[in-house]
Each structure stands twice: as C-alpha cells, then as structure tokens.
Amino acid sequence: MRYFFIFILFFTTYLFADKYELGHGYKVNSALNMGAYFSLDYANGESIDRLRLDDVAVLAYGSLPSNFSYLAEFEAAPFYVKDYKNETSQTNTTLHKERMYLNYSYSDMFNFRLGKFITPIGYWNLEPINVLRDTSSNPLYSEDMFPKFTTGMDTYGYLDEDEQIEYHLFAQFTDDIDKDYINIQNDLFIGISLDYEVSDEIDMGSSVGYYETYEKKEISLAEANAKYDNYPLLLQTEWAYTNIQNNILHVNEYQVGGYLQGMYSINPKNALVSRYEYFKDRQKDVMSENHIGIIGYSYRPMYAVSFKGEYQFNSDSYLDKAIISFSVLF
Amino acid sequence: MLLKILVLTIFLTIGGFASEYAVIMNAHSKIEKLSAKQIKSIFLMKKHFMDGVKLIPLNSAASLQIRDSFEKNILHKNRDKLNKYWIKKHFQGIQPPVVQASVKAIKLFVKNVDGAIGYIPIKLLDSDLKVLYEF
C-alpha cells in the first residue's frame, strides 16, 4: 500500500508540478534532474582584448534507493576564445569531468560523498560559475591558493539540531579524476571546514587544510570567511594564508590573499557591486603583491540570467581592464 | 457602548491572531511537535531525518494563499529570495520539496505515507492526522 501511494505521489507530482522554470533544471523524475549553463565574456584593456565562451557545461543528479544520490557534471572550458590582441582563436570541445560523485546519507549529521567534488572551502569556491556570482571576474584568492576540486571522500553534515553548524571533513589520497582539469595539480589533500549560520543574515566559517602538489610543494592552508546578507545589502569576505614548503628549492614560501565585496541591490534585478582584493605571493625568490579594486553593475532580468559589467583597477595599471559578461543557468 | 466596542475589539484581535493552518504528519508518526525552525530546515531540504524516519516534505502549489503564508511565517523568505536559494541548490544537486496541486492531495498523501509532512488549513484536519505546528 505504501508503495502504491508513493507511486501516486510521484505520478501526481509529474502531472501537477510547477512548470519548468529557468535555473531550476529539468526534472524527469526524482532520479534524474538535468541542468546546463554557459557564460560569455569580453575583456578589454592594455594587456588583454579577448572574447570567450566559457564554462559550457551539463549536469545531472538525482536520488537513488536506500538514501543514495549522485551528481555528474561535464564541462568544456574555455569552449571558444578569440584573442584580438594576438589575432588567434581557439576552440575546445573536450568535455572534462567537473564533478562526479555518489552520496550516502546516514543521518543529518553523517553524510558521505565519494568521487570528485568542489572543495568545500569558503563561499566563492562553492559557487564557481559566472551566473551565480555577482562579478564577472574571480578574486585571485579563489584561483591560486588551494585546489578547487577534491577527488576522494567528504564526510559532512550538521553538528546541531537546528542545522546551523555545518562541517566537512574531506580527504584525497590520489590524483584528480581529471588531473588536467584542475587549477592546482595535487595528489594529496586533507581538510576540515566549518560553517556557522548565525542568523538568516549572518554567516561565518573557517577551514584548514594540507595538500601536496605535483611540483613537490607541501602546503598548509588556513582560511576564514564571513557574510552579511540583509537586502538590499550583501557584504562578503574571505581571507586565506598558505605556508609552502618547496621541496625542490628547499625554501619556505607563502601566500596571503583575500577580498571584501559589497553589493547594493537597487531593486531585485539591478545591483551595484564593489570589491577590494589583496594577494601577496612569495615564491621562487620573487615577491608579487597585488591590490585590485573593482566596481561593477549587475542586471538580472531573472536570477538565472545574468548580465554583468565591471572595471578592474590593478596596482599594476598595465593589468587594468573592463569585463562584460552574459551567463545563463538552465 | 464603550464596553461593547472594547469586547468587540478584543474578540477581533484574538480572531485575527488565531492560526489558520497546520503542519501535519500522519497520526502514526512518532514525532509529536516541531518548532518553526525545524520545519524551516525540513522545507529548505537541510533536515532529512527525524526519529529514524526519512522526511518527505510536500509543498502546496505556488499559486495558493497557504503557500504564501507558509513562506512568510515559517521560511521567512519572500518568493525572490526562495527562487535564488533554489537556483543555487539546483547547482549543488538539491531539488526543492515535491509540489502538490491542492491541499486535499497533501492531506491524502500525508495520511498514507510515513515521513510525509505538509501543511493544510486547520478546517481540513481529521483524526488520521497529527498536528505538529500551527501558524
């Protein structure tokens, strides 16, 4: 009888469910939801003049029997690049494994994820696609300080009854599933991440980790992040420090990076964005230090469709540039 | 006259604050009461289990008044904010609660499926249902 009603439940759900909405995916049934996204951007400055169709991706996910679920995502990036400065163009149609994992939920406190997943550090890394972000560019912090993906196991869940404190305990002891498609090639990564949702408006978190790269570097990471989201104002900040033991040069190196971003929504569709970034990289006897300021505008006719424009001021003015982008999540 | 107005005002005020809707599970459920915070966690797909039972939250159709009231009083999020929330969850591989076309459909399934949890007008309650929260 129970199964009959479950069948009726899902049958009527199919008949009467809300119609497809952009950005919410297409639900075939509970075992198969499909989605896709892409972004198109154009960057122009003294150092760059480039049109790029980036992040052309498809994803599928769903629930399986016995508290199992899965997600698979494939992406071609950059799909097409036209470099007007060097008068070259490049097309890349190879689909890489962006995410591919199986979840098992034992309880709200203990969930297990096996496969390749987004490294659960901070905010920016967990929303890595253009359409979910409020600027077209990524802060250097999110690109150069830790591997964006982990191939291994993540134990995660909530530590309290009210689901306000979330933890992740993740580990990788092998190469990435798609080792040519990750920002930092590594074969070991362990980390702990905590997130505390203080209230509907305030959230904060912190992570520590350790990883080893193909370049024989042993890197320890400490990160902290905080967010204040009270419409029309959204403030977000993330900072990290890495201590790098370079086993080829036998020297100790480090990086410090982070950003503070503010967004003021004029109305639900239009917003002003500003960001300050700092990134200091002390590697191979070379010290580089960047201060980057960004002002931008975001227009979303609906949340899953994003038009953004920004101007970047770099401490090295040669790198100053304007970027406009258009992105959609299906 | 003044006394009549005072009595009427008190009556209307109490009437105005009376609950119209109830969060329900079937009468066999071991769960006796839920807080608004717990219900919010269940319907935002953060809490999936309770007393060893896997929960199946059921939303009413977006066009119904009861859905507006639930989102305002329990989830404390407007439709824009919820839309943004579920779009981000879609990217993370998480779908929102299953939608039922009518409160009668919610009632029928809550009665017959353990773990199903929904919300209906109080006037539709009967002895096969257990009230966990009123709003």
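For region B:74-91, the tally of residues that are closer than 22 Å to B:N26 by Cα and open to solvent by 50 Å² or more (accessible area, probe 1.4 Å) stands at 0.
If I go through region B:89-103 residue by residue, how many of them are closer than 22 Å to A:Y123 by Cβ and more than 7 Å from chain A (Cβ to nearest Cβ)? So the count comes out to 4. Of all the listed residues (A:N230, A:N225), the sole one being closer than 30 Å to B:K77 by Cα, among the polar types (S, T, N, Q) and in contact (Cβ under 8 Å) with a residue 60 or more places away in the chain is A:N225. If we keep just the residues of region A:293-313 that are open to solvent by less than 90 Å² (accessible area, probe 1.4 Å) and hydroxyl-bearing (S, T, Y), which is farthest from A:D41 (Cα to Cα)? Filtering region A:293-313 for residues that are open to solvent by less than 90 Å² (accessible area, probe 1.4 Å) and hydroxyl-bearing (S, T, Y), the one farthest from A:D41 (Cα to Cα) comes out as A:Y303.
Residues in region A:151-188 that are without any contact (Cβ under 8 Å) to a residue 40 or more places away in the chain and buried (at least 22 other Cβ atoms within 10 Å of the Cβ): A:T151, A:Q172, A:N186.
Among the residues of region A:268-288, those that are open to solvent by 80 Å² or more (accessible area, probe 1.4 Å) and among the hydrophobic types (A, V, I, L, M, F, W, C) comprise A:L272, A:V286, A:M287. In region A:44-71, the residue that is farthest from A:F326 (Cα to Cα) out of those that are open to solvent by less than 50 Å² (accessible area, probe 1.4 Å) and part of a loop (DSSP other than H, G, I, E, B) is A:N67.
It is to be established whether one or more residues within region A:189-196 are surrounded by fewer than 16 Cβ atoms within 10 Å (Cβ to Cβ) and within 13 Å of chain B (Cβ to nearest Cβ). Within region A:189-196 (the criterion being surrounded by fewer than 16 Cβ atoms within 10 Å (Cβ to Cβ) and within 13 Å of chain B (Cβ to nearest Cβ)), the answer is no, since none of the residues qualifies. Scanning region A:240-256 for residues that are out of contact with any Asp or Glu (no Cβ under 7 Å at 6 or more places or on another chain) and in a strand (DSSP E or B), we see that the one that is nearest to A:I184 (Cα to Cα) is A:T242.
Scan region A:281-304 residue by residue and report those that are at pLDDT 95 or above and either acidic (D, E) or in a strand (DSSP E or B) (or both). Reasoning before the result, please.
Filtering region A:281-304 down to residues at pLDDT 95 or above leaves A:291-304.
Scanning region A:281-304 gives A:H291, A:I292, A:G293, A:I294, A:I295, A:G296, A:Y297, A:S298, A:Y299, A:R300, A:P301, A:M302.
Among the residues of region A:125-151, write down those that are touching a Pro at 6+ places or on another chain (Cβ under 8 Å) and within 12 Å of chain B (Cβ to nearest Cβ). Within region A:125-151, just A:L126 meets the criteria. Only a single criterion out of (1) among the hydrophobic types (A, V, I, L, M, F, W, C); (2) away from every other protein chain (no Cβ under 12 Å); (3) out of contact with any Ser or Thr (no Cβ under 7 Å at 6 or more places or on another chain) is not satisfied by A:I121, namely (3). Only residues in region A:104-130 that are at positive phi count as the first member; pair them with residues that are hydrophobic (A, V, I, L, M, F, W, C) and not in a loop (DSSP other than H, G, I, E, B), Cβ under 9 angstrom, at least 6 apart or cross-chain, and list the lot. These pairs meet every condition: A:G115/A:L71; A:G115/A:A72; A:G115/A:M100; A:G115/A:L102; A:G115/A:M153; A:G122/A:A224; A:G122/A:A240.
Evaluating B:E71 against the criteria (1) within 14 Å of chain A (Cβ to nearest Cβ); (2) crowded, with 18+ Cβ neighbours inside 10 Å; (3) charged (D, E, K, R); (4) touching a residue at least 40 places away in the same chain (Cβ under 8 Å) leaves one unmet condition, (4). Only one of the numbered conditions (1) out of contact with any Ser or Thr (no Cβ under 7 Å at 6 or more places or on another chain); (2) closer than 30 Å to A:K269 by Cα; (3) in a helix (DSSP H, G or I) is violated by B:Q38, and that is (2).
Does region A:34-43 hold any residues that are open to solvent by less than 60 Å² (accessible area, probe 1.4 Å), away from chain B (no Cβ under 14 Å) and among the aliphatic types (A, V, I, L, M), and which are they? Break it down into steps so the answer makes sense when it comes.
The initial filter retains those residues of region A:34-43 that are open to solvent by less than 60 Å² (accessible area, probe 1.4 Å), namely A:35-39, A:41, A:43.
Add one more test, that the residue is away from chain B (no Cβ under 14 Å), and what stays is A:41, A:43.
Passing the criteria: only A:A43.
Taken together, A:D154, A:D160 contain a single residue that is in a loop (DSSP other than H, G, I, E, B), within 14 Å of another protein chain (Cβ to nearest Cβ) and among the acidic types (D, E), which is A:D160. Would you call B:H28 modelled with pLDDT under 95 and outside any strand (DSSP E or B)? Yes, satisfied. Within region A:99-118, the set of residues being within 11 Å of chain B (Cβ to nearest Cβ) and surrounded by 17 or more Cβ atoms within 10 Å (Cβ to Cβ) comprises A:R99, A:Y101, A:N103, A:S105, A:D108, A:N111, A:R113, A:F117, A:I118.
The values are calculated or read from the model by the stated rules, or taken from the named source; none is laboratory data. From a predicted model like this one, the values you see are computed outputs, not experimental measurements. Cβ atoms come from the backbone with ideal geometry, glycine included; neighbour counts cover every protein chain shown. For the accessible areas, the whole protein counts, side chains as well, though only heavy atoms, and no ligand, DNA or RNA atoms are used. Shrake-Rupley method; radii C 1.70, N 1.55, O 1.52, S 1.80 Å.
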